[in-house]
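The values are calculated or read from the model by the stated rules, or taken from the named source; none is laboratory data. All figures in this text were calculated on a predicted structure; none of them were measured in a lab. Heads up, the Cβs are rebuilt from the backbone with ideal geometry, glycines too, and the neighbour counts pull from every protein chain shown. Areas reflect the complete protein model, heavy atoms only, side chains present, ligands, DNA and RNA absent. Shrake-Rupley method; radii C 1.70, N 1.55, O 1.52, S 1.80 Å.
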Amino acid sequence: MEKPLRIAIDAMGGDFAPANEIAGAMQAARHFRDSARVEFVFVGDEQRIRQELAKHPRSDMSYSILHASEIITMKDEPATALRGKKDSSIVRGIQLHRDGGADAFLSAGNTGAVMSGGTLILGRIRGVTRPTIATFFPTAGSRPTLVVDVGANVECKPRFLYEFGVMGSIYVREVLGIAEPRVALLNVGEEDSKGNAVVLEAHALMRASKEINFTGNTEGRDILMGAADVVVCDGFTGNIVLKFAESFITLLRSKLKDFAARSLFNKISVAIMVPTLRRVLKEFDYQEYGGVPLLGVNGVVIIGHGKSSPLAIKNMILRAVEVVEKNVNRRIEEALQTSHEIEST
């Protein structure tokens, strides 16, 4: 029998911890059917974790508990918390992963602390200058678009953007099975001459690279149209795009509610559309994607939304297993090593 994958879960991260983390792990265990394939390590307050597990006495989930006496809250400053709360679930979980006690770590806790902890404790993959986070956006086409970076690096150098393109391309190729993902650089225009000095230099690096299928510049209006499989930008821009996109569902629901309230006819019309709308909007639901990978660190780290539901936690676990099994990190190292060798010749 193959050795099971061990997934370390920050059981104290998120707004509904540890209930949603445990419920999500149970859903993932049922998804895999073979309970021996994946084993979970819940990291956090052992008493609270056991109290929650006791609510599910019939679970055949394979798990263990790593006690951590401290919690890094959403209000904690990441760097300060990592230094001052060394027995936190985030620090202990990432250390467990680093030391080989787990194949991946996931958390719906303090995003900044997970990113900083992942980078400092795990280190970077050889050839990576700055780790990054990426997330899928639904599109008008049949497959989503990966936007990278969406918040890890507010200020970027051209080399960072190039590496984001390489890492994003490999991630999409391995996870979505696209042989040659189209990589585009987010800009204020499609013309090669557009953009500031950083973007122009990044454009030149991408154009000269053999590691990515670079299609040139793309504009914000093209992201949801599926014009590219990977869209590269700095974290400042990417985070604004992400938060704006997240607000779309809230706006749409509000508008539909207002429309329905105007008359009985409108209410009936909306009710008739509800099943179809639910199917369409499912693609916009963060729960379906689970979490975002911290690409570039020497390990597998998945970061989730603070309000992650059990479904979101389950999909974070599936994402982590996918990244481990597809050996994404080795592919990234090989690609960036090749690009460095070409540049040095």
* Asked: Given the structure, is L251 out of contact with any Lys or Arg (no Cβ under 6 Å at 6 or more places or on another chain), open to solvent by 50 Å² or more (accessible area, probe 1.4 Å), modelled with pLDDT of 90 or more and not small (G, A, S)?
  -> no
Checked pairs for the range 162-182, first in contact (Cβ under 8 Å) with a residue 60 or more places away in the chain, second hydroxyl-bearing (S, T, Y) and buried (at least 22 other Cβ atoms within 10 Å of the Cβ), C-beta under 7 Å and 6 or more apart or across chains, list as F164/T132; M167/T132
Given the conditions (1) aliphatic (A, V, I, L, M); (2) open to solvent by less than 40 Å² (accessible area, probe 1.4 Å); (3) closer than 20 Å to P181 by Cβ, every one holds for A208 apart from (2)
Here the qualifying pairs (Cβ atoms under 6 Å; residues six or more apart or on different chains; first in the range 86-107 and in a helix (DSSP H, G or I); second of a type in the set (D, E, K, R)) come out as S89/D10; I90/D10; G93/D10
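Okay, residues lined up against (1) touching a residue at least 60 places away in the same chain (Cβ under 8 Å); (2) of a type in the set (V, I, T):
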| position | (1), (2) |
| --- | --- |
| K3 | no, no |
| I9 | yes, yes |
| N20 | yes, no |
| H31 | yes, no |
| G44 | no, no |
| E52 | no, no |
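Picking from R33, R58, R50, R37, which residue would you name as being more than 25 Å from the chain's Cα centre (by Cα), among the charged types (D, E, K, R) and at pLDDT below 95? Don't jump to the end; show me each part of the working.
Values: R33 fails: more than 25 Å from the chain's Cα centre (by Cα); R50 fails: at pLDDT below 95; R37 fails: more than 25 Å from the chain's Cα centre (by Cα).
Every option except R58 fails the conditions.
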Exercise for review: Would you mind stating whether A202 is out of contact with any Asp or Glu (no Cβ under 9 Å at 6 or more places or on another chain), open to solvent by less than 60 Å² (accessible area, probe 1.4 Å) and under 24 Å from L294 (Cα atoms)?
Suggested key: yes
| field | Residue in the range 33-47 that is assigned to a helix (DSSP H, G or I) and open to solvent by 40 Å² or more (accessible area, probe 1.4 Å) present | value | yes
Pairs returned, first residue in the range 108-122 that is in contact (Cβ under 8 Å) with a residue 24 or more places away in the chain and more than 19 Å from M316 (Cα to Cα), second residue that is charged (D, E, K, R) and open to solvent by 20 Å² or more (accessible area, probe 1.4 Å), beta-carbon separation under 6 angstrom, 6 or more apart or interchain, are I121/R98; L122/R98
**Prompt:** Has the range 176-192 got any residue that is surrounded by fewer than 20 Cβ atoms within 10 Å (Cβ to Cβ) and closer than 17 Å to V292 by Cα?
**Reply:** yes
Residues of the range 112-142 being of a type in the set (G, A, S), part of a loop (DSSP other than H, G, I, E, B) and under 20 Å from L336 (Cβ atoms), in sequence order, are G123, G127
When the range 96-115 is checked residue by residue, the ones that are buried (at least 20 other Cβ atoms within 10 Å of the Cβ) and out of contact with any Gly (no Cβ under 6 Å at 6 or more places or on another chain) are A102, D103, A104, L106, N110, T111, A113, V114, M115
